[in-house]
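Undergrad: This is the structure I want to talk about, given as structure tokens.
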Amino acid sequence: MAVRSQEQDDALGDVVVPEDELQDRVKAIGKEITADYEGRAPLLVGVLKGAFMFMSDLARAIDLPVEFDFMAVSSYGSATRTSGVVRIIKDLDIDLEGRDVIIVEDIVDSGLTLAYLRRNLEHRNPASLEVCALLLKDGLQKSDPDIRYVGFHLPADFVVGYGLDVGEKYRNLPSLVRYVGS
Ligand code: IMP
């Protein structure tokens, strides 16, 4: 089967956040974290797979001896909607006891995945637990998601690129693009 280039893909709509704006914002968040955590060594907990690209750029923008760990979760639901029922596919390797933990999320939509993760990680007794989300979809969260660092507020459209997928596709796009379907 022939594979079309992503530039010619009709399922992709307009660019929502271009690459240079993403990079500038990630650098600014990195500076903020560097200032807020001065003298400490935060543990970044990336939520796979969507946050891998953000986490990689963010970590390089933080001028502190950060450590990394990753969690993989799967939420049941359709291709573009989560149900709130979350299953841990890969758990953390590092003990969170006494650590300054920052959850690094790609996108918060209903907030259900994040609410589950926060509850789960709080039980592991970190010294502090904050959330850094690249994208927050406005108006969809049932309760205040309490996110310390937010990259961009977005309308409710489905977006792909910069780590975000639909059916595992489009994660490698350097910009954030609206997904209009096929
Ligand atoms: P929530 O539990 O509804 O907040 O959904 C969060 C998860 O759903 C994210 O971590 C993504 O994996 C996925 N998701 C939600 N909205 C989008 C989107 O617009 N594009 C790609 N994935 C999304």
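The values are calculated or read from the model by the stated rules, or taken from the named source; none is laboratory data. Please read all numbers here as calculations on a predicted model, not as lab measurements. When we count neighbours, we look across all protein chains shown, and the Cβ atoms used for this are built from the backbone with ideal geometry, even at glycine.
Residue-wise test of (1) assigned to a helix (DSSP H, G or I); (2) among the polar types (S, T, N, Q); (3) within 20 Å of Leu43 (Cα to Cα).
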{"site": "Ile107", "(1), (2), (3)": "no, no, yes"}
{"site": "Leu114", "(1), (2), (3)": "yes, no, yes"}
{"site": "Leu117", "(1), (2), (3)": "yes, no, yes"}
{"site": "Leu121", "(1), (2), (3)": "yes, no, yes"}
{"site": "Pro126", "(1), (2), (3)": "no, no, yes"}
{"site": "Leu129", "(1), (2), (3)": "no, no, yes"}
{"site": "Pro145", "(1), (2), (3)": "no, no, no"}
{"site": "Gly151", "(1), (2), (3)": "no, no, yes"}
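Undergrad: Determine which member of the set Glu105, Glu38, Glu32, Glu21 is among the charged types (D, E, K, R) and over 26 Å from Leu154 (Cα atoms). Can you show your working first?
TA: Details: Glu105 fails: over 26 Å from Leu154 (Cα atoms); Glu32 fails: over 26 Å from Leu154 (Cα atoms); Glu21 fails: over 26 Å from Leu154 (Cα atoms).
After applying the criteria, what remains is Glu38.
Undergrad: For Asp157, indicate whether it is part of a loop (DSSP other than H, G, I, E, B), surrounded by fewer than 20 Cβ atoms within 10 Å (Cβ to Cβ), of a type in the set (Asp, Glu) and touching a residue at least 60 places away in the same chain (Cβ under 8 Å).
TA: yes
Undergrad: Also, I was wondering about something else. Select, from Arg40, Arg25, the only residue that is part of a loop (DSSP other than H, G, I, E, B) and modelled with pLDDT of 95 or more. Walk me through how you get there before you give the answer.
TA: Values: Arg25 fails: part of a loop (DSSP other than H, G, I, E, B).
Just a single option satisfies the conditions, and that option is Arg40.
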